[in-house]
Every structure is written in C-alpha cells, then in structure tokens.
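Structure record follows, encoded as structure tokens.
The values are calculated or read from the model by the stated rules, or taken from the named source; none is laboratory data. All values reported here derive from a predicted model rather than from experimental measurement. We place every Cβ from the backbone using ideal geometry, glycine too, and count neighbours over all the protein chains shown.
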Amino acid sequence: MGRFDYLSKTGKKAKKEAGRKVTPAPDARRTHAPDPVEAVYLRRETVRAVSRALKKGGGESVEELAEDLLLAWLRARS
C-alpha cells in the first residue's frame, strides 16, 4: 500500500463520479452565434401559468412567445 492510497476514491462514490458527464457551457466557437446567449431567469409560477394558457389556447411554445415579444419590443424602440 502506497503512502496516500487511502485518499484515492474507491467504491460506490468513485463509480458514481466517474459516470458523470460534464457538459461544457456553450460559447461562440461552438454555437457559431454572432451575439452571446444570455440566460434569463423567470419565476416558475409565471412560466407555468403562461404555458397552461398557451396549451389551452392552442398557441405556440413559451420560447416562441418570448422571442416574438422581445422582437416586437425591439421594433417598437427603433
């Protein structure tokens, strides 16, 4: 037994950590997007309420609605 062998991870925890895949954050080199993508945080209750209303009305997805609203806002400002 080596001097620091007791520090090596063995057992169930080592198997669990070895199996995890780490996904790198997207950057411009991978997405080929001219503008950086920014995360937007919304309350879960708001998103769920909008999603329910869209499903009930047979409309588009929440992502498409958000994009349409943001584009309309940009056009109104210019």
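Residues of the range 53-71 that are surrounded by 10 or more Cβ atoms within 10 Å (Cβ to Cβ) and part of a helix (DSSP H, G or I): ALA53, LEU54, LYS55, VAL62, GLU64, LEU65, ALA66, GLU67, ASP68, LEU69, LEU70, LEU71. Go through the residues of the range 37-52 one by one and say whether even a single one is in a helix (DSSP H, G or I), of a type in the set (Ser, Thr, Tyr) and at pLDDT 70 or above. Taking every residue of the range 37-52 in turn, at least one turns out to be in a helix (DSSP H, G or I), of a type in the set (Ser, Thr, Tyr) and at pLDDT 70 or above.
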